[in-house]
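Working notes, beginning with the structure itself.
A short reminder: the numbers here are calculations on the coordinates, not readings from a lab. What you see is a predicted model; the values in this text were computed from it and never measured. Methodologically, a virtual Cβ is constructed for each residue, glycine included, from the backbone with ideal geometry; neighbour enumeration extends over all protein chains shown.
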Amino acid sequence: QVQLVESGGGLVQAGGSLRLSCAASGTIFRFNVVGWYRQAPGEQRELVARMSSGGRTDYADSVKGRFTISRDNAGRTLYLQMNSLKPADTAVYYCNVIPTMANWGQGTQVTGSA
C-alpha cells in the first residue's frame, strides 16, 4: 500500500509563498492523474490543482494564477508552489492520485495571516 507524506506547510503572511511537497513510497505520481486537495475547518475537502499523466494542469478558480502543481521525473514527489497567499488559503493540504486512493496522508497545515 502506497504511503503519502505531505510537508512544507506553515504560517505565512498574506502575499507570502510556500512550497508544499508530497513524498510517495512508490512511483504513483508518474503515470496517474495527480492532485492537491485542501480542507478548511468546517468545510469539505476540495481539489485545488491537478496534473494529468501528460503534464496538463488545471486549477480551481480560487487559486488560478497563484498556485503551480508539478512533480519530479521519478514520479515519487509532488509539489505545490503557492504564491500570493491569502487568509482564505488557510487549510490542511493533502495530495493524492485521481481517482483517490483510500489512504490519505496526514496533510500539512497552511495558515495565511492577514
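Structure data summary
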quantity	calculated
Amide N of the range 88-114 lying under 20 Å from the label point, which is placed 7 angstrom from the Cα of Gln44 along Cα→Cβ	89-105
Rg(Cα) / (2.2 N^0.38 Å) computed for the range 1-68, rounded to two decimals	1.21
Sites Ser7 and Ala102 - FRET efficiency at Förster radius 22 Å, r taken between beta-carbons, to 0.05	0.55
Rounded to whole Hz, the Karplus (6.51, -1.76, 1.60) HN-Hα couplings of the range 72-83, x for glycine and proline	7, 5, 6, x, 9, 10, 10, 10, 9, 7, 10, 10
The range 43-114, dipole about Cα centre (Lys/Arg Cβ +1, Asp/Glu Cβ -1), debye to the nearest 20	180
log10 of Debye I(q)/I(0), alpha-carbon scatterers only, for the range 7-110 at 0.21 Å⁻¹	-1.10
